[in-house]
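In what follows, a single structure is set out as structure tokens and then discussed.
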Amino acid sequence: MSGSVLVTGGAGFIGSALAHRLVTAGYDVAVMDVLHPQVHTGHQAIDLPSSARLFTGDVTHAPDCDAVLRLFRPSQIVHLAAETGTAQSLSHATRHGSVNVVGTTQLLDALSRATHVPDQLVLASSRAVYGEGAWQSGAQIFYPRPRSHAQLQAGAWDPVGPTGDAAVPLPSCAGRTEPRPTNIYAATKLAQEHLLAAWAAAHDTSLSVLRLQNVYGPGQSLTNSYTGIVTLFARLAREQRPLEVYEDGQIVRDFVYIDDVVEALFATIDRPAVEPRLLDIGSGVPTTIHELAHNIATLCEAPEPTVVAKFRDGDVRAAKCDIEAAKAELEWRPTWALEKGLLALLDWIGEQHELPSGATDHGPR
Ligand SMILES: NC(=O)c1ccc[n+]([C@@H]2O[C@H](COP(=O)([O-])OP(=O)(O)OC[C@H]3O[C@@H](n4cnc5c(N)ncnc54)[C@H](O)[C@@H]3O)[C@@H](O)[C@H]2O)c1
């Protein structure tokens with residue numbers, strides 16, 4: 001055996017793919033997951049390796065955390081359990097705060113009660129912590145304020161520089177870009193980072209935080225309309241439904257394929273951190289939402305997407321990242337180009353049983 005890993009939220013999209021990778025490499029894997037009904041609707045079977053132990057439990061519930069640690073003392077914990085709906089978090093702030101923040105503190109308190117210090121804690125954080133990130137206007141680098149509702153309603157999509165001049169977004173990099181969350185989900189992900197950093201330092205254990213860009217691919221919930229713009233577009237385009245692209249279509253995201261993310265997490269686990277790690281994980285390739293929609297519509301021979309001037313409060317204009325630090329530290333690199341990943345996703349969706357439609361949240365996560 002290579003070691004034992006507890007994956008919280010391990011029945012979800014990223015967790016189940018990671019569980020398979022770990023088991024294949026000889027790790028003893030346990031999963032703690034509440035099987036959230038918004039993610040697990042019953043239409044999609046939970047796909048875990050047969051040797052992985054599934055503990056159905058809630059990270060916000062202390063007795064559940066205690067029960068898991070009584071039965072399984074992991075050498076590493078990968079903390080993925082979370083409420084993940086960015087837009088939803090604005091109106092369900094307590095739910096996001098409870099699961100993402102209190103769920104993390106409950107897990108840590110349970111470790112303290114069990115007097116168990118894992119060799120490494122790994123957190124899947126999010127690019128959302130950067131908010132609008134750093135932008136450049138002329139020679140000046142600045143951090144735009146979150147775009148206001150009035151600004152978005154007026155169709156003033158791009159942040160402008162301090163002197164009112166046009167500006168361009170810079171790739172985020174954990175080593176140099178300040179985190180400035182613009183929505184509740186993002187604020188809770190940043191809180192998770194701080195909580196784990198404090199606990200890991202006090203207990204002399206390793207911590208790796210991976211800030212993931214937009215992950216997509218087979219296994220993502222097909223019925224959770226609050227997450228996964230790629231999956232949502234793919235489903236709609238397969239049904240020949242027109243895709244609506246928000247703002248002016250020029251919102252930028254980095255779409256990273258699930259296998260590339262799993263390999264980054266696996267490398268993190270297989271070579272635990274010596275110093276605390278804070279790394280950006282993405283494809284390293286920025287794509288506009290219009291490009292994404294166009295590519296998916298073309299692959300599905302669906303109608304050309306329409307750009308509608310709708311918007312979501314709390315969405316950021318551009319998210320892209322610099323993956324050089326992750327490549328060097330983890331000896332990892334993404335290998336899935338967007339078109340190849342989209343084809344794999346479309347094939348997988350085709351293999352699933354008929355699903356009810358009714359997705360409503362078209363904005364990018
Ligand atoms: N998918 C992305 O694009 C992306 C991007 C950045 C960060 N992340 C982070 O990666 C992690 C995993 O995301 P995912 O895409 O696999 O999401 P997911 O929704 O597919 O999986 C999350 C899992 O957590 C479980 N869960 C929710 N509340 C829980 C609770 N109270 N107790 C125990 N389990 C609970 C859910 O049942 C689900 O199985 C999350 O922490 C998310 O913030 C994901």
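The values are calculated or read from the model by the stated rules, or taken from the named source; none is laboratory data. If you're wondering where the values come from, they're calculated on a predicted model, not measured in any experiment. So basically every Cβ, Gly included, is an ideal-geometry build from the backbone, and we count neighbours across all protein chains shown. Heads up: the accessible areas ignore ligands, DNA and RNA and are worked out on the full protein's heavy atoms, side chains in. Shrake-Rupley method; radii C 1.70, N 1.55, O 1.52, S 1.80 Å.
What the table below lists for this structure:
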{"quantity": "Distant-in-sequence amide H partners of Val78 (H built 1.01 Å from N, under 5 Å)", "calculated": "Leu6, Val7, Thr8, Val122"}
{"quantity": "Calculated FRET efficiency for the pair Thr298/Asp165, C-beta based, R₀ 41 Å, to 0.05", "calculated": "0.70"}
{"quantity": "Residue-wise HN-Hα coupling along the range 155-172, computed from phi with Karplus coefficients 6.51, -1.76, 1.60 (Hz; x: Gly, Pro)", "calculated": "x, 8, 6, 7, x, 10, x, x, 9, x, 7, 5, 9, 10, x, 9, x, 6"}
{"quantity": "Per-residue HN-Hα couplings for the range 14-27 [Karplus 6.51, -1.76, 1.60; θ = phi - 60°; Hz; x = Gly/Pro]", "calculated": "6, x, 5, 5, 5, 4, 4, 5, 5, 5, 4, 8, x, 7"}
{"quantity": "Computed over the range 1-148: relative contact order in percent, which uses C-alpha pairs under 8 Å that are six or more apart", "calculated": "23 percent"}
{"quantity": "Rounded if a/c under 1.5, otherwise prolate or oblate - the range 172-218, Cα gyration tensor axes", "calculated": "prolate"}
{"quantity": "Per-residue HN-Hα couplings for the range 246-253 [Karplus 6.51, -1.76, 1.60; θ = phi - 60°; Hz; x = Gly/Pro]", "calculated": "7, 6, 9, x, 9, 4, 10, 9"}
{"quantity": "Cα gyration tensor, the range 45-192 - rounded (a/c under 1.5), prolate or oblate", "calculated": "prolate"}
{"quantity": "Ratio of Rg to Rh over the range 96-159 (Cα coordinates, Kirkwood Rh, two decimals)", "calculated": "1.23"}
{"quantity": "For the range 206-365, radius of gyration divided by Kirkwood radius, i.e. Rg to Rh on alpha-carbons", "calculated": "0.99"}
{"quantity": "Principal axis dimensions, largest first and in whole angstrom, of the range 1-42 by Cα", "calculated": "34, 14, 13"}
{"quantity": "Rounded to whole Å, sorted largest first: equivalent-ellipsoid semi-axes of the range 45-110, Cα gyration tensor", "calculated": "24, 16, 9"}
{"quantity": "Distance in nm between pseudo-label sites at Val308 and Ser112 (7 Å out along the Cβ direction from Cα)", "calculated": "4.8 nm"}
{"quantity": "Full-stretch length increase - Glu339, His194 - with 0.36 nm per residue and alpha-carbon distance subtracted", "calculated": "48.6 nm"}
{"quantity": "Label point distance in nm, Glu178-Leu90, each placed 7 Å from Cα along Cα→Cβ", "calculated": "2.4 nm"}
{"quantity": "Hull shadow area, averaged, the range 1-86 [alpha-carbon convex hull, nm²]", "calculated": "5.6 nm²"}
{"quantity": "Glu263 accessible area, assembled protein chains, probe 1.4 Å, Å²", "calculated": "70 Å²"}
{"quantity": "Ser91 accessible area, assembled protein chains, probe 1.4 Å, Å²", "calculated": "90 Å²"}
{"quantity": "Environment charge at Lys340 (Cβ cut-off 13 Å; Lys +1, Arg +1, Asp -1, Glu -1)", "calculated": "-4"}
{"quantity": "Over the chain, relative contact order from alpha-carbon pairs under 8 Å, at least 6 apart, %", "calculated": "19 percent"}
{"quantity": "Per-residue SASA entry for Phe255, accessible area with 1.4 Å probe, Å² rounded to 10", "calculated": "10 Å²"}
{"quantity": "Pair Asp270, Glu351: separation of 7 Å Cα→Cβ label points (nm)", "calculated": "2.3 nm"}
{"quantity": "Long-range amide H partners of Ala318 with built H, under 5 Å", "calculated": "Val252"}
{"quantity": "Cα convex hull of the chain - mean projected area over all directions, nm²", "calculated": "17.4 nm²"}
{"quantity": "Convex hull volume per residue in cubic angstrom - Cα atoms of the range 295-347", "calculated": "133 Å³"}
